[in-house]
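S.K.: My questions all concern the structure below.
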Amino acid sequence: MRDRQRGFSHPIPSEITPQEVWRERRQLLKAAGLGALGVAAPEARAGVARAGTLPALPASRNAALSTTEPLTPYDDVVSYNNFYEFGTDKSDPAKNAGTLRTRPWTVVVEGEVHRPRTFDIDALLRLAPMQERVYRHRCVEGWSMVIPWVGYSLSSLLKAVEPTGNAKFVEYTTLLDPARMPGQSDPVLQWPYHEGLRMDEAMHPLTLLAFGLYGEVLPNQDGAPLRMVIPWKYGFKGGKSIVRIRLVERQPVTSWMQSVPSWYGFYSNVNPTVSPQNWSQATERRIGEGRFGGLFTPRRKTELFNGYGAQVAELYRGMDLRREF
Ligand SMILES: Nc1nc2c(c(=O)[nH]1)N[C@H]1C(S)=C(S)[C@@H](COP(=O)(O)O)O[C@H]1N2
Ligand SMILES: [Mo]
């Protein structure tokens, strides 16, 4: 399962099967009224839903930037996660992320800016009006979800620090805390987790600084107290539990590029025709879709830019997306 030599542990699709079996079992338990797993599943179809387990984070729906597809049930969004700081199995973050302390929390915004600042999380929560945005979420492993995030455009924060003319890229970094993040003792990645965007990608209105989901603050396993969400890119670009945002002149080298350079490029735009990994990106399995954990549900066709091409294709005009993957 784990490819130790390459320090890599994203499963290939054939290895996802035990997980699907687990999901199926859970669905059956649920049908029998036994399988709540301590998390209340909300009605997922009814607009601005609230899960009711964490503090509310009021927001108004930005319909123009939201998909109307059915939401992935809250139960799945908070129990099927990638957050390697808390383990590499999908169920590990929900079990282990309780140790993360999200107060006090500060975010340093620095580098090529005229007004570098350290923001307290509570100041960040008030920086711009909170919006709910329902985005498609596509993991490079081949699964997808539809999640009602709460947050505001990263551009609101970047404008507040006044980027200099030299700011060409943004690098963002997750908390480093091996005492509370046991996965950081595992050299599977170069910690702390760091990811990046080109400046025009970071300033794009779709790029979200998320503080919540389903009308509440983020559960720890989804990246509390704040994380990035870039819906036209693979999920791993969406760094969790961010403590540092640095504007830089040179393209950053990200954790995944360091780990498996042939598989992970800087852009990592969702693209069904480009599969640098040794599995295809052409199709995806929508989590929570169909009965029995989706075991017999046909896979969906993955769309270029995850279906956000009308908004973002112009950012890449003239680029060879095969080479710059
Ligand atoms: N710090 C950190 N951020 C991370 C990850 C991680 O392991 N560590 N996993 C990424 C991957 S691979 C995905 S698909 C998404 C998953 O987000 P979700 O668990 O909220 O669905 O988080 C991304 N952000
Ligand atoms: Mo992912």
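The values are calculated or read from the model by the stated rules, or taken from the named source; none is laboratory data. All values reported here derive from a predicted model rather than from experimental measurement. Using ideal geometry, Cβ is built from the backbone for each residue, glycine included, and neighbour counts are taken over all protein chains shown.
S.K.: Does region 269-281 contain any residue that is touching a strand residue (DSSP E or B) at 6+ places or on another chain (Cβ under 8 Å) and of a type in the set (Ser, Thr, Tyr)? Spell out how you get there, then give the answer.
M.R.: Step one: filter region 269-281 for residues touching a strand residue (DSSP E or B) at 6+ places or on another chain (Cβ under 8 Å), giving 269-270, 272.
Then keep just the ones that are of a type in the set (Ser, Thr, Tyr); that gives none.
So far as region 269-281 goes, no, none of its residues is touching a strand residue (DSSP E or B) at 6+ places or on another chain (Cβ under 8 Å) and of a type in the set (Ser, Thr, Tyr).
S.K.: Here's another thing I want to ask about it. Kindly indicate the residue of region 232-258 that is within 12 Å of ligand 1 (Cβ to nearest atom), of a type outside the set (Lys, Arg) and part of a loop (DSSP other than H, G, I, E, B) and also farthest from the chain's Cα centre (by Cα) among those meeting that condition.
M.R.: Thr254
S.K.: Also: Residue under question is Thr164, and the condition is that it be in contact with an Asp or Glu (Cβ under 7 Å, 6 or more places away or on another chain), farther than 17 Å from Leu209 by Cβ, of a type in the set (S, T, N, Q) and more than 16 Å from ligand 1 (Cβ to nearest atom); does it hold?
M.R.: Values: in contact with an Asp or Glu (Cβ under 7 Å, 6 or more places away or on another chain): yes; farther than 17 Å from Leu209 by Cβ: yes; of a type in the set (S, T, N, Q): yes; more than 16 Å from ligand 1 (Cβ to nearest atom): yes.
Yes: the conditions hold for Thr164.
S.K.: Is it true that some residue in region 88-107 is closer than 21 Å to Ala202 by Cβ and either away from ligand 1 (no atom under 15 Å from the Cβ) or charged (D, E, K, R) (or both)?
M.R.: Within region 88-107 (the criterion being closer than 21 Å to Ala202 by Cβ and either away from ligand 1 (no atom under 15 Å from the Cβ) or charged (D, E, K, R) (or both)), the answer is yes, since at least one residue qualifies.
For every residue, the table says whether it meets (1) free of Cβ contacts under 8 Å to residues at least 24 places away in the same chain; (2) of a type in the set (A, V, I, L, M).
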| site | (1), (2) |
| --- | --- |
| Thr99 | no, no |
| Pro104 | yes, no |
| Val109 | no, yes |
| His114 | no, no |
| Arg117 | no, no |
| Arg126 | yes, no |
| Met130 | no, yes |
| Leu154 | no, yes |
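S.K.: With the requirement that a residue be under 19 Å from the mean Cα position of the chain (by Cα), hydroxyl-bearing (Ser, Thr, Tyr) and closer than 19 Å to Met319 by Cα, what does region 259-304 give you?
M.R.: Correct list: Tyr264, Tyr267, Ser268.
S.K.: Restricting to region 167-202, what's the tally of residues that are closer than 14 Å to Ile230 by Cα and part of a loop (DSSP other than H, G, I, E, B)?
M.R.: Total meeting the criteria: 0.
S.K.: Oh, and also: Does region 296-307 contain at least one residue that is among the hydroxyl-bearing types (Ser, Thr, Tyr), modelled with pLDDT under 95 and in a loop (DSSP other than H, G, I, E, B)? If you could, list the steps in order and put the result at the bottom.
M.R.: Let us first name the residues in region 296-307 that are among the hydroxyl-bearing types (Ser, Thr, Tyr), namely 297, 302.
If we keep only those that are modelled with pLDDT under 95 as well, we get 297.
Narrowing the set further to residues that are in a loop (DSSP other than H, G, I, E, B) leaves 297.
Yes, region 296-307 contains a residue that is among the hydroxyl-bearing types (Ser, Thr, Tyr), modelled with pLDDT under 95 and in a loop (DSSP other than H, G, I, E, B).
S.K.: As an exercise: evaluate Ala224 against (1) at pLDDT 95 or above; (2) touching a Pro at 6+ places or on another chain (Cβ under 8 Å); (3) not acidic (Asp, Glu) and give the number of the one condition it does not meet.
M.R.: (2)
S.K.: Considering only residues that are crowded, with 24+ Cβ neighbours inside 10 Å and in a strand (DSSP E or B), which ones fall in region 213-227?
M.R.: Once the filter is applied, which keeps residues that are crowded, with 24+ Cβ neighbours inside 10 Å and in a strand (DSSP E or B), region 213-227 yields only Leu213.
S.K.: Considering each of Ser156, Ser185, Ser144 in turn, give the residue that is touching a Lys or Arg at 6+ places or on another chain (Cβ under 6 Å) and either modelled with pLDDT of 95 or more or crowded, with 21+ Cβ neighbours inside 10 Å (or both).
M.R.: Numbers: Ser156 fails: touching a Lys or Arg at 6+ places or on another chain (Cβ under 6 Å); Ser185 fails: touching a Lys or Arg at 6+ places or on another chain (Cβ under 6 Å).
The match here is Ser144.
S.K.: Would you pick out the residues in region 274-325 that are of a type in the set (S, T, N, Q) and either surrounded by 15 or more Cβ atoms within 10 Å (Cβ to Cβ) or closer than 29 Å to Pro73 by Cα (or both)?
M.R.: In the first step, residues of region 274-325 are kept if they are of a type in the set (S, T, N, Q); the result is 275, 277-278, 280-281, 283, 297, 302, 306, 311.
Those that are of a type in the set (S, T, N, Q) and either surrounded by 15 or more Cβ atoms within 10 Å (Cβ to Cβ) or closer than 29 Å to Pro73 by Cα (or both): Ser275, Gln277, Ser280, Gln281, Thr283, Thr297, Thr302, Asn306, Gln311.
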